[in-house]
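Reading through the structure tokens given below for one structure.
The values are calculated or read from the model by the stated rules, or taken from the named source; none is laboratory data. Small disclaimer: the values here were computed from a predicted structure and weren't measured. Heads up, the Cβs are rebuilt from the backbone with ideal geometry, glycines too, and the neighbour counts pull from every protein chain shown. Areas reflect the complete protein model, heavy atoms only, side chains present, ligands, DNA and RNA absent. Shrake-Rupley method; radii C 1.70, N 1.55, O 1.52, S 1.80 Å.
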Amino acid sequence: MNADKEKWLLLILLSIIWGSSFILIKKSLEHFTPYQVGALRVLIAGLILMPVAISKYKLFPKKHLKWLILAAFTGNFIPMFLFPIAETEISSSIAGIINSMMPIFVIIVGALVWKFETTQRQITGVIISFTGVCLLAFGGDDGAKFKLFPILLLLLATLCYAVSTTTVKSKLMEVSSTVLSAFVFSFVLFLPSVISLVSTGFVSTFSFNKENMIGLGFVSLLSIFGTGLAMMMNYRLLKVSTPLFASTVTLLMPIVAIIWGILDGEKLTTLQFVGASIIIAGLIFLRSKTAVKK
């Protein structure tokens with residue numbers, strides 16, 4: 001499969017997986033606290049990827065350690081806590097919509113920190129798609145329930161994702177996608193996730209009853225697919241595309257998040273349908289032969 005086809009396939013798959021993460025966070029919060037959900041998400045991913053990390057330990061990029069730590073905490077640790085905290089006050093659909101700001105932050109961070117050059121076509125495509133995101137946000141029944149603090153938390157999480165994405169593209173492309181994910185979760189973030197989980201009182205209070213096992217099932221799905229597998233795919237997408245293209249996955253995610261919301265009892269308005277269509281139009285326009293250059 002050539003790189004052009006691969007990047008679009010990865011984009012679609014990641015949109016489905018990450019777009020489903022918000023409903024899984026919502027369901028996990030019915031059983032655990034936001035801090036427990038965040039810590040469990042990282043810890044389970046680390047346990048699953050530990051065999052890979054151990055078998056490939058000789059490939060650990062020691063010379064790029066500071067960049068690995070930066071990418072790990074901004075892309076795979078801090079946001080894992082911010083999203084559950086925010087979703088205690090706003091719906092999973094709105095969380096998915098706010099997350100669509102990531103391409104905007106990628107452009108800003110890439111230009112200011114890494115000196116990326118972005119084409120006018122790409123910027124225009126992002127603006128078109130973000131217009132659709134705004135329609136999704138304000139066209140729903142929950143529009144009047146927006147709260148400033150959780151939205152600020154989500155914007156911070158999205159900014160963190162942009163920092164991680166541009167860091168990986170700039171400094172860590174020589175490490176394979178699978179190995180990079182394994183090192184991030186099993187070496188860099190494993191101990192912090194254990195400390196975080198213990199500090200929540202999870203270890204002393206957890207019991208193997210039905211409700212807790214159901215909650216653990218939701219978090220496990222979130223960890224295995226939404227964190228471990230998805231990050232491998234995301235790192236691969238960064239290898240075969242650009243940071244801006246990779247970040248456009250967040251423009252499709254709201255559609256998936258809203259579909260799950262409908263299945264969970266939420267309603268989709270006509271204006272939200274229009275917004276979803278505009279997002280797709282923007283993504284089509286965004287497709288450009290000119291890559292983002294460093």
message = Keeping every protein chain present and rolling a 1.4 Å probe, give me the accessible area per residue for the stretch 1-80 in Å².
response = 47 Å²
key: the chain - convex hull of the alpha-carbon atoms, volume per residue in Å³   = 127 Å³
The stretch 148-294, accessible surface, carbon-and-sulfur percent (1.4 angstrom probe) = 71 percent
key: Dipole of the chain [Lys/Arg +1, Asp/Glu -1 at C-beta], most positive-end residue of Leu222, Ile107, Met173   = Met173
Solvent exposure of the stretch 106-262 as accessible area per residue, Å², 1.4 Å probe = 41 Å²
ask   = So, with +1 on the Cβ of K and R and -1 on the Cβ of D and E, and no other charges, what is the size of the charge dipole of the chain about its Cα centre, to the nearest 20 debye?
value = 1200 debye
task = Tally up the carbon and sulfur contribution to the accessible surface of the stretch 1-139 as a whole percent, 1.4 Å probe, everything protein left in place.
result = 71 percent
request  = Go ahead and estimate [θ] at 222 nm for the chain from helices alone: -39,500 (n - 2.57) per DSSP H run with n ≥ 4, summed, over the residue count, rounded to 500.
outcome  = -22500 deg cm²/dmol
task = Determine the relative contact order of the chain: mean sequence separation of Cα pairs under 8 Å and six or more apart, normalised by residue count, in whole percent.
result = 42 percent
Highest to lowest packing among 112-122, 189-199, 221-231, 167-177, scored as the average C-beta count within 10 Å = 221-231, 167-177, 189-199, 112-122
key: Cα lying deepest toward the dipole's positive end in the chain, options Gly46, Thr269, Thr131, charges on Cβ   = Gly46
